[in-house]
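Presented below is the structure to which this report refers.
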Amino acid sequence: MLPPIEYPAVATSRVIARDLNGDDAPDLVTGGIMVLLNDGEGGFGEPSSALPEGAPAGAFALADLNGDGELDLSTASGSLLGVAFGRGDGTFDAAPLVYLDGVNSGDDTALEVSPAEIDGEGPLEIVVHSLGGFFVVSIRRSRVAGPSM
């Protein structure tokens with residue numbers, strides 16, 4: 001076993017490994033929400049913020065939400081959901097925000113974000129789970145449904 005490689009402290013409760021820049025090497029996205037691009041030599045570059053200005057930092061997920069073949073970032077915190085479309089180089093465009101009516105910024109914060117095909121019509125919707133239930137957000141139609149138990 002090789003010795004571990006230590007990286008600068010990044011406050012996180014979750015790490016997702018996916019190729020963000022098309023080099024077939026897994027990059028890391030961490031809570032907070034930082035990107036560490038794979039250097040192709042068994043390590044990663046310096047962490048850089050993946051959050052466009054105004055996007056909520058909290059629960060997050062990666063999936064191709066708009067069908068362009070690039071991974072997009074969905075983030076949620078409190079009563080806000082942000083979607084930042086991937087550029088294919090490890091960076092993301094500005095995140096349009098959706099206010100989730102019925103989720104407050106107190107104890108009922110977003111806990112998890114999960115892209116899924118809900119309506120069978122593509123592209124993926126985003127399911128946001130909170131203590132008060134869940135919301136289904138369709139990017140295509142800007143439709144928000146919820147809360148539900």
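Can you tell me which residue is modelled with the lowest pLDDT among those in region 89-110 that are surrounded by 13 or more Cβ atoms within 10 Å (Cβ to Cβ) and over 29 Å from Gly69 (Cβ atoms)? Step through it out loud before you land on a result.
So the first thing to find is which residues in region 89-110 are surrounded by 13 or more Cβ atoms within 10 Å (Cβ to Cβ), and the list is 90-98, 100, 102-104, 108-110.
Keeping just the survivors that are over 29 Å from Gly69 (Cβ atoms) gives 102-104, 108-109.
Details: Gly102: 59, Val103: 56, Asn104: 54, Asp108: 51, Thr109: 66.
Across region 89-110, the extreme among qualifying residues is Asp108.
Would you pick out the residues in region 57-84 that are within 10 Å of the chain's Cα centre (by Cα), without any contact (Cβ under 8 Å) to a residue 60 or more places away in the chain and open to solvent by 10 Å² or more (accessible area, probe 1.4 Å)?
Answer for region 57-84, where residues must be within 10 Å of the chain's Cα centre (by Cα), without any contact (Cβ under 8 Å) to a residue 60 or more places away in the chain and open to solvent by 10 Å² or more (accessible area, probe 1.4 Å): Ala57, Gly58, Leu62, Leu71.
Among residues belonging to region 112-130 that are in contact (Cβ under 8 Å) with a residue 12 or more places away in the chain and assigned to a loop (DSSP other than H, G, I, E, B), point out the one that is nearest to Ala63 (Cα to Cα).
Leu124
What are the residues in region 13-43 that are modelled with pLDDT under 90 and surrounded by 14 or more Cβ atoms within 10 Å (Cβ to Cβ), if any?
Thr30, Gly31, Gly32, Ile33, Met34
Out of Val83, Val35, which single residue is over 30 Å from Pro4 (Cβ atoms), β-branched (Val, Ile, Thr) and in a strand (DSSP E or B)?
The unique qualifying residue is Val83.
Limited to region 120-141, what total is found for residues that are modelled with pLDDT of 85 or more, among the aliphatic types (A, V, I, L, M) and open to solvent by less than 40 Å² (accessible area, probe 1.4 Å)?
Qualifying residue count, region 120-141: 3.
The values are calculated or read from the model by the stated rules, or taken from the named source; none is laboratory data. Please read all numbers here as calculations on a predicted model, not as lab measurements. A quick note on method: Cβ atoms are made from the backbone with ideal geometry, for glycine too, and the neighbour counts reach across all protein chains shown. Surface accessibility is based on the protein's heavy atoms, side chains included, excluding ligands, DNA and RNA. Shrake-Rupley method; radii C 1.70, N 1.55, O 1.52, S 1.80 Å.
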